[in-house]
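Structure record follows, encoded as structure tokens.
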Amino acid sequence: MTERRSNYVHFQSIQTRWMDNDVYQHVNNVVYYSFFDTVINQYLILEGGLDYEHGAIIGFAVESHCQYLLPIKFPEVIDVGVRVGHLGNSSVRYEIGIFKQGQDEPAALGYFVHVFVNRESGTPTPIGGQLRDVLTRLILAQD
């Protein structure tokens with residue numbers, strides 16, 4: 001599949017910051033993972049009811065990857081698109097596209113895997129209820 005904006009279900013715009021740029025005058029590679037975290041966790045908190053401070057279930061990041069295609073630099077605003085590539089019993093793989101505003105081609109592509117665990121025991125726990133519902137909404141419908 002050729003990645004385009006239309007391949008993603010949920011979007012959030014993020015303003016790059018002055019401090020995001022590195023000595024090469026583009027957003028440093030590690031900042032992209034912060035973009036991933038921000039979009040995923042904001043969605044889970046606002047839409048899925050995730051209570052990261054007191055909830056019985058929390059998500060642990062267990063794997064991530066980013067492929068850099070085009071440089072981004074401050075003061076650009078980016079659109080971060082997310083879809084769910086795999087929804088398991090206790091884990092989810094998010095697929096992420098970072099787009100410059102107004103562009104259909106991605107500036108970066110990546111993925112991020114959460115395993116949901118019981119806060120007290122740290123053991124994997126099934127994703128259910130509202131959280132499963134909102135993650136299911138992120139699965140791209142196939143024609």
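Read-outs: derived from the displayed coordinates by stated rules, not from any lab. On a predicted model such as this, the values are computed, not experimentally measured, just so you know. Quick reminder, even Gly has a Cβ in these numbers, built from the backbone with ideal geometry, and neighbours come from all protein chains shown.
Given a 10 angstrom Cα cut-off, can you work out which residue in 30, 39, 77 is the most mobile in a GNM of the chain?
The residue with the greatest mean-square fluctuation here is 30.
For residue 127, enumerate residues with amide H under 5 Å from its amide H, sequence gap 5+ or separate chain, H modeled in the peptide plane.
90
Taking only Cα atoms and a 10 Å spring cutoff, compute GNM fluctuations for the chain and point out the largest among 97, 88, 59.
Ranking 97, 88, 59 by mean-square fluctuation puts 88 first.
Mind pulling the angle between the C-alpha long axis of helix 29-48 and the longest principal axis of the chain? Nearest 10 degrees, somewhere in 0 to 90.
40 degrees
Work out the FRET efficiency for residue 87 and residue 17 from their Cβ-Cβ distance, taking R0 = 30 Å, and round it to the nearest 0.05.
After rounding, the FRET efficiency stands at 0.40.
Based on other C-beta atoms within 10 Å, arrange 51, 79, 104 from fewest to most.
The order, fewest Cβ neighbours first, is 104, 51, 79.
Taking the convex hull of the alpha carbon atoms in the chain, what volume per residue do you get, in Å³?
Here the figure is 115 Å³ per residue.
Check each of the GluC sites (Glu not before Pro) in the stretch 51-143 and keep only those in coil by DSSP with at most 13 other C-beta atoms within 10 angstrom; list them in order.
53, 120
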